[in-house]
Amino acid sequence: MRQIWAPWRMEYVGDSTPREGCVLCAIDAGGTDQEKHVVERAELTFTVLNLYPYSSGHLLVVPHRHAPDLTALTTSEGTAMFVGVRRAVRALQAALGPDGFNLGVNQGRIAGAGIADHVHTHVVPRWDGDTNFMPVLADVKVLPEHLDRTAERLRAAYAELAPDPAGG
Ligand SMILES: [Zn+2]
């Protein structure tokens, strides 16, 4: 890939050290993927099971860099997050067979962002008839054993994924 020298980015990237108190930076920086329920790591992003899922298999696709919102991501990071979302959808389809998905970014606390200052995309699998299930599960921490099992199934699905035709 052709590299463009971008001196204005140096300060930008230099300002991206993990932030004290940021849950997502802590997941990225410490512990094993098994402990943290990380299901995939890529160059610019990682994908992790949400500890407070709206449904079983609720994933977060997260840039490694602590960036507050979509407008603060580089084009490469934005593309990588989108590729991560596509891979998450395909892995979930293979592992859990949902009937549909909610995909989205909650930007700012007013929009419901639980982690307001480190942008991430939610990938929420949905099943027919689960409409009343979401409010029940929202913000309820599920048992770690359940997350362990789901993470294992997803890692196996990721390992079997054919390359994304769009790259990634
Ligand atoms: Zn962070």
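Just reorder SER55, SER76 by solvent-accessible area, largest first, 1.4 Å probe, all chains present. Before the final figure, lay out each step's value.
Values: SER55 0, SER76 65 Å².
Listed by decreasing accessible area, they come as SER76, SER55.
Here the label points at SER76 and GLU145, each 7 Å from Cα along the C-beta direction, are separated by 4.4 nm in the simple model.
Counted residue by residue at 0.36 nm each, then reduced by the alpha carbon distance between them, the extension gain from GLU152 to ILE115 reaches 10.8 nm. In the distance distribution for segment 20-160, Cα-Cα pairs more than 25 Å apart total 20 percent.
With Cα atoms as the point set, the radius of gyration and Dmax of segment 19-95 evaluate to 12.3, 36 Å. Could you work out the local net charge near GLU40, counting Lys and Arg as +1, Asp and Glu as -1, over the other residues with Cβ closer than 15 Å to its Cβ? For residues surrounding GLU40, the net value is +1.
Can you give the net charge of the other residues whose Cβ lies under 14 Å from the Cβ of ARG153, counting K and R as +1 and D and E as -1? Write out the running numbers ahead of the final one.
Details: positive: ARG90, ARG149, ARG155; negative: GLU40, GLU145, ASP148, GLU152, GLU160.
Net local charge, ARG153 excluded: -2.
Taking Cβ atoms as reference points and 11 Å as the exclusive limit, the residues near ALA162 contribute a net charge of 0, counting Lys and Arg as +1 and Asp and Glu as -1.
The values are calculated or read from the model by the stated rules, or taken from the named source; none is laboratory data. Treat the numbers as computed from the prediction; the structure is a model and nothing was measured. Backbone-built Cβ (ideal geometry, glycine too); neighbour counts: all protein chains shown. We work out accessible area using only protein heavy atoms, side chains counted, and drop any ligands, DNA or RNA first. Shrake-Rupley method; radii C 1.70, N 1.55, O 1.52, S 1.80 Å.
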